[in-house]
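Student: Structure below; questions to follow.
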Amino acid sequence: MTNFGKLNVSNNNFDIVRLLLAIIVVLSHIRDLNNNSSLLLSLFSGDFAVQCFFVISGYLIIRSFKNKREIKRYILSRSLRILPMYYISIAFFFVVLFFFSNMSFFSYLFEGGFRYLFFNSIFLNFMQPSLPGVFSHNPHISAVNGALWTIKVEVLFYIAVPFLVVFLSKFKKQQVKIIILFTLLSALFKWFVCNYGSIVGIPHQLENQLPSVFCYFLLGGIVNYIDLSKISQKTKILFFCFSAFYLIFFKQQCGYDVFVRPFATAFFILSICLQRMVLINIPNKIGDLSYGIYVIHFPLIQTFIALGLYDDFLLGFLLTLFFVFLLAFFSWHYIEKPALKYAKRFN
């Protein structure tokens, strides 16, 4: 077991880190969807932020199920955490964006709208990412919400956790070695796709799908099987500095980086989340806005681009941040938080 003890909102930095990661994703999508080459915005990597999200999920979700192996409770709590806002956002933008399409409702529905609702509802967003007549003139892509692909991956992570935890429980003394083995196999798959996928006909998109990204989730979860009290503070600081140096100065590529980056990312982000020297807590009146920001921001940026608000980039930028935070605040207090309360009451 780790030496972190019981986690609560006041003795870790998970909430503030997830908020900052969500903001990084927003900034990277503002840049990409506007084809903006700003040096400042180029500093924000959406890929890095998503990888960190996967690490954090691995730590928290595996920890949760490992400590309380109640499958019904697990399914209910995980479902009510992500599904209500996920489906509401899909339905909300489906309705709002109808007014951008210049089509009759029946044409809107039967020429892509129904497919959009169906495939997005079962997490196959790539099958119908766009709505008919919507965002077709936006400069980058016409997808309504290109950020939702990670929700599919998260759901698959959730499905895998009970099987993984039960499997690992059969090998008390080999758990860390098994997780590292699975991690390397995941990284090896990504390396193969990256270098030889085009030769054997494997879509390059699998570089950022399962099983390629499973390594990040696993390296978040592995901490729950390590006694960190046996690792000296000096060693932890040394590994943190190495991880930070690597992530700053080495770019993602298809060689050794595929194997090194997951370890560097996991150590870097979990060190920040779990250290207790500097704790930053988000006031309850604000709440946990990270998921709402993540789910809402992409279609909002696309909408503001279509409206021409980004013709004045600063105006579009400021309006995006304002409305993203406003809608995320509403999402947390009136959708996500009540759903979580219901899950706790039901359990």
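The values are calculated or read from the model by the stated rules, or taken from the named source; none is laboratory data. Treat the numbers as computed from the prediction; the structure is a model and nothing was measured. Neighbour counts are summed over all protein chains in view; Cβ atoms, including those assigned to glycine, are modelled from backbone coordinates with ideal geometry.
Each row is one residue, and each column tells you yes or no for (1) closer than 21 Å to I122 by Cα; (2) surrounded by fewer than 18 Cβ atoms within 10 Å (Cβ to Cβ); (3) modelled with pLDDT of 95 or more.
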position: A49; (1), (2), (3): no, no, yes
position: F53; (1), (2), (3): no, no, yes
position: E70; (1), (2), (3): no, yes, no
position: P84; (1), (2), (3): yes, yes, yes
position: S89; (1), (2), (3): yes, no, yes
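Student: Please determine whether any residue of the stretch 16-25 is out of contact with any helix residue (DSSP H, G or I) (no Cβ under 6 Å at 6 or more places or on another chain) and within 22 Å of L300 (Cβ to Cβ). Quick ask: steps written out before the conclusion?
Tutor: Within the stretch 16-25, the first condition is being out of contact with any helix residue (DSSP H, G or I) (no Cβ under 6 Å at 6 or more places or on another chain), and the residues that meet it are 16, 20, 23.
Next, only the ones that are within 22 Å of L300 (Cβ to Cβ) stay: 20, 23.
Yes - at least one qualifying residue is present in the stretch 16-25.
Student: Quick one: is S64 at pLDDT below 95 and either part of a helix (DSSP H, G or I) or out of contact with any Leu (no Cβ under 9 Å at 6 or more places or on another chain) (or both)?
Tutor: So S64 fits the description; yes.
Student: Next question. Mind checking which pairs have a first residue in the stretch 168-197 that is at negative phi and a second that is assigned to a helix (DSSP H, G or I) and surrounded by fewer than 14 Cβ atoms within 10 Å (Cβ to Cβ), Cβ under 6 Å, 6 or more apart or different chains?
Tutor: Hits for this filter: G197/H204.
Student: Would you tally the residues in the stretch 222-242 being of a type outside the set (K, R), in a helix (DSSP H, G or I) and within 16 Å of A266 (Cα to Cα)? Give the steps one after another, and end with the answer.
Tutor: Filtering the stretch 222-242 down to residues of a type outside the set (K, R) leaves 222-229, 231-233, 235, 237-242.
Checking which are in a helix (DSSP H, G or I) leaves us with 222-225, 228-229, 233, 235, 237-242.
Add one more test, that the residue is within 16 Å of A266 (Cα to Cα), and what stays is 222-225, 228, 235, 237-242.
Counting residues in the stretch 222-242 that are of a type outside the set (K, R), in a helix (DSSP H, G or I) and within 16 Å of A266 (Cα to Cα) gives 12.
Student: Yes or no: the stretch 243-252 includes at least one residue that is in contact (Cβ under 8 Å) with a residue 60 or more places away in the chain, part of a loop (DSSP other than H, G, I, E, B) and farther than 30 Å from F329 by Cβ.
Tutor: Of the stretch 243-252, the ones in contact (Cβ under 8 Å) with a residue 60 or more places away in the chain are 247, 252.
Still in the running and part of a loop (DSSP other than H, G, I, E, B): 252.
Applying the additional criterion that residues be farther than 30 Å from F329 by Cβ yields 252.
Among the residues of the stretch 243-252, at least one is in contact (Cβ under 8 Å) with a residue 60 or more places away in the chain, part of a loop (DSSP other than H, G, I, E, B) and farther than 30 Å from F329 by Cβ, which makes the answer yes.
Student: Sort out which residues of the stretch 96-105 are at pLDDT 95 or above and either surrounded by 14 or more Cβ atoms within 10 Å (Cβ to Cβ) or over 16 Å from F304 (Cα atoms) (or both), and write them in order of number.
Tutor: Of everything in the stretch 96-105, those that are at pLDDT 95 or above and either surrounded by 14 or more Cβ atoms within 10 Å (Cβ to Cβ) or over 16 Å from F304 (Cα atoms) (or both) turn out to be L97, F98.
Student: Run down K170, K177, K152 and say which single residue is of a type outside the set (V, I, T) and within 22 Å of L270 (Cβ to Cβ). Write out each step before concluding.
Tutor: Numbers: K170 fails: within 22 Å of L270 (Cβ to Cβ); K152 fails: within 22 Å of L270 (Cβ to Cβ).
Within the list K170, K177, K152, the selection yields K177.
Student: Restricting attention to the stretch 36-45, does a residue exist that is over 16 Å from the mean Cα position of the chain (by Cα), closer than 19 Å to L156 by Cβ and not in a helix (DSSP H, G or I)? Steps first, please.
Tutor: Going through the stretch 36-45, the residues over 16 Å from the mean Cα position of the chain (by Cα) turn out to be 36-43.
Next, from what is left, pick out any that are closer than 19 Å to L156 by Cβ: none.
No, the stretch 36-45 has no match at all.
Student: Moving on. Report yes if F54 is touching a helix residue (DSSP H, G or I) at 6+ places or on another chain (Cβ under 9 Å) and on the phi > 0 side of the Ramachandran plot, otherwise no.
Tutor: Values: touching a helix residue (DSSP H, G or I) at 6+ places or on another chain (Cβ under 9 Å): yes; on the phi > 0 side of the Ramachandran plot: no.
No.
Student: Restricting the search to the stretch 307-347, which residues are within 30 Å of L40 (Cα to Cα) and either charged (D, E, K, R) or not in a helix (DSSP H, G or I) (or both)? Walk me through it before giving the result.
Tutor: First, the residues of the stretch 307-347 that are within 30 Å of L40 (Cα to Cα): 307-332.
The answer is L307, G308, D311, D312.
Student: Conditions: (1) over 25 Å from the mean Cα position of the chain (by Cα); (2) not in a loop (DSSP other than H, G, I, E, B). F92 meets all but one. Number of the miss?
Tutor: Of the numbered conditions (1) over 25 Å from the mean Cα position of the chain (by Cα); (2) not in a loop (DSSP other than H, G, I, E, B), the odd one out for F92 is (1).
Student: For the stretch 222-245, state whether one or more residues are within 17 Å of the chain's Cα centre (by Cα) and surrounded by 15 or more Cβ atoms within 10 Å (Cβ to Cβ).
Tutor: Looking only at the stretch 222-245, we keep the residues that are within 17 Å of the chain's Cα centre (by Cα), and these are none.
The answer is no, given that none of the residues of the stretch 222-245 is within 17 Å of the chain's Cα centre (by Cα) and surrounded by 15 or more Cβ atoms within 10 Å (Cβ to Cβ).
Student: Is at least one residue of the stretch 111-128 in contact with a Gly (Cβ under 6 Å, 6 or more places away or on another chain), loosely packed, with under 15 Cβ neighbours inside 10 Å and farther than 15 Å from G146 by Cα? Spell out how you get there, then give the answer.
Tutor: Looking only at the stretch 111-128, we keep the residues that are in contact with a Gly (Cβ under 6 Å, 6 or more places away or on another chain), and these are none.
Within the stretch 111-128, not a single residue is in contact with a Gly (Cβ under 6 Å, 6 or more places away or on another chain), loosely packed, with under 15 Cβ neighbours inside 10 Å and farther than 15 Å from G146 by Cα.
Student: Cβ-Cβ below 9 Å, separation at least six or inter-chain, first residue in the stretch 202-213 and without any contact (Cβ under 8 Å) to a residue 40 or more places away in the chain, second among the polar types (S, T, N, Q) and not in a helix (DSSP H, G or I): which pairs?
Tutor: Once the first residue is without any contact (Cβ under 8 Å) to a residue 40 or more places away in the chain and sits in the stretch 202-213, its partners that are among the polar types (S, T, N, Q) and not in a helix (DSSP H, G or I) give P203/Q209; L206/S212.
Student: Within the stretch 164-221, take every residue that is assigned to a helix (DSSP H, G or I) and of a type in the set (K, R) and give me the one that is surrounded by the most Cβ atoms within 10 Å (Cβ to Cβ).
Tutor: From the stretch 164-221, those assigned to a helix (DSSP H, G or I) are 164-169, 175-200, 204-208, 214-221; that's our starting set.
Subsequent filtering for residues that are of a type in the set (K, R) retains 177, 190.
Working: K177: 11, K190: 24.
Selected residue: K190.
Student: Return a yes/no flag: does the stretch 280-288 have any residue that is of a type in the set (S, T, N, Q), surrounded by 21 or more Cβ atoms within 10 Å (Cβ to Cβ) and within 22 Å of the chain's Cα centre (by Cα). Explain how you work it out, then say what you get.
Tutor: The first filter runs over the stretch 280-288 and keeps only residues of a type in the set (S, T, N, Q), leaving 281, 284.
Those left that are additionally surrounded by 21 or more Cβ atoms within 10 Å (Cβ to Cβ): none.
Looking for residues that are of a type in the set (S, T, N, Q), surrounded by 21 or more Cβ atoms within 10 Å (Cβ to Cβ) and within 22 Å of the chain's Cα centre (by Cα), one finds none in the stretch 280-288, hence no.
Student: Identify all residues within the stretch 301-316 that are crowded, with 20+ Cβ neighbours inside 10 Å and either of a type outside the set (S, T, Y) or over 21 Å from G146 (Cβ atoms) (or both); write none if there are none. Give the derivation first.
Tutor: Residues of the stretch 301-316 that are crowded, with 20+ Cβ neighbours inside 10 Å, as a first pass: 301-305, 310.
Answer for the stretch 301-316, where residues must be crowded, with 20+ Cβ neighbours inside 10 Å and either of a type outside the set (S, T, Y) or over 21 Å from G146 (Cβ atoms) (or both): I301, Q302, F304, I305.
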